[in-house]
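Take a look at the structure set out below.
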Amino acid sequence: MRNISIIVPLAGPDLYNESYGFKPLINYKNSSLYSYIIKNRKWYQDGLVNEVIFVLREVPNIKQLEDNIKNEFPNAKLAKVSDLTKGALNSALVGVSMIRNFENIVCIDLIDIDYKYDQCIVDNMVLNNYSGFLLSFESDLSTYSYLKVEVDKVVKTQEKQVISNEASAGTYFYRNVNMFLKSVDYSIKNFQVINFKSNLFVCPSFNGIINELDGVGFDRVVDVTSLSKDFH
């Protein structure tokens, strides 16, 4: 059974705000938001995760968040950047650099959407030899990223542009570190085409691996609660 490395980028401009404090620590369902989301993902509950890596940004009182993470996830790894990066994909890259096993499935979880999903990600990716895997839900709002699909494969991804009714659920899976790095390489080389507001985001990076192996798969999630709109 393949293991999963989770990367949680918490280095964006909405990490901390005077009105709500640290976004990850907001109370959600009687827990801190970030802890509830991660611990209730099926792959975490199934014991498939062997490392969780948080990417933080140096802001005042960041130790409060660091201490909470160490308490909730004692074995977690923490990486810290001194300033805003060039987008969520770049922040994720910092975390991926700390992965020990390059063949682990890489999961980038933006933890801004709560949902239910009951299938086994690992079985789905390995049995189908997917280079990547996306989770989606039905929407037509331009606040989300989107994937265009044909039959059971993703053929295109786009940031904040409605190219289908398949909105990204904000959790992204790459077959291994190599596939993630190919996505980053593609994104850098095609920056002028796929950037959004001069930043690189995770969803469009899958355009770089859609033709690898047996392509990029997807599946629908249910009981979706979008959290990010509450912090912008």
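The values are calculated or read from the model by the stated rules, or taken from the named source; none is laboratory data. Quick caveat: nothing in here was measured; it's all calculated off a predicted structure. In this analysis, Cβ positions are derived from the backbone assuming ideal geometry, glycine residues included, and neighbour counts consider all displayed protein chains. Only protein heavy atoms, including side chains, enter the accessible area calculation; ligands, DNA and RNA are left aside. Shrake-Rupley method; radii C 1.70, N 1.55, O 1.52, S 1.80 Å.
Summary of computed values
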read-out	value
Val94 among the hydrophobic types (A, V, I, L, M, F, W, C), open to solvent by 20 Å² or more (accessible area, probe 1.4 Å) and either closer than 25 Å to Ser226 by Cα or under 16 Å from the mean Cα position of the chain (by Cα) (or both)	yes
First in the stretch 122-138 and in contact (Cβ under 8 Å) with a residue 24 or more places away in the chain, second anywhere and surrounded by 23 or more Cβ atoms within 10 Å (Cβ to Cβ) and polar (S, T, N, Q), Cβ under 8 Å, 6 or more apart	Gly132/Ser183; Leu134/Thr157; Leu134/Ser168; Leu135/Ser168; Leu135/Thr171; Ser136/Ser168
Residue list for the stretch 23-51, filter: open to solvent by 10 Å² or more (accessible area, probe 1.4 Å) and over 18 Å from Cys120 (Cα atoms)	Lys23, Leu25, Ile26, Asn27, Tyr28, Lys29, Asn30, Ser31, Ser32, Tyr36
Residue check, Gly170 over 25 Å from Leu141 (Cβ atoms), in contact with a Phe, Trp or Tyr (Cβ under 9 Å, 6 or more places away or on another chain) and crowded, with 19+ Cβ neighbours inside 10 Å	no
Residue within the stretch 225-232 that is among the hydroxyl-bearing types (Ser, Thr, Tyr), closer than 24 Å to Asp114 by Cβ, in contact (Cβ under 8 Å) with a residue 60 or more places away in the chain and in contact with a helix residue (DSSP H, G or I) (Cβ under 8 Å, 6 or more places away or on another chain) present	no
Exclusive hit being at pLDDT 95 or above, within 30 Å of Leu25 (Cβ to Cβ), open to solvent by 10 Å² or more (accessible area, probe 1.4 Å) and of a type in the set (Ser, Thr, Tyr), set Ser205, Ser198, Ser228	Ser198
Some residue of the stretch 66-75 being of a type in the set (S, T, N, Q), under 24 Å from Ser226 (Cα atoms) and surrounded by 15 or more Cβ atoms within 10 Å (Cβ to Cβ)	yes
Helices (runs of 4 or more DSSP H) fully within the stretch 88-192 counting 3 or more residues that are in contact with a helix residue (DSSP H, G or I) (Cβ under 7 Å, 6 or more places away or on another chain) and of a type in the set (A, V, I, L, M)	88-96
Among (1) of a type outside the set (Phe, Trp, Tyr); (2) in contact (Cβ under 8 Å) with a residue 60 or more places away in the chain; (3) touching a Phe, Trp or Tyr at 6+ places or on another chain (Cβ under 6 Å); (4) over 15 Å from Ala92 (Cβ atoms), the one test that Ile111 misses	(4)
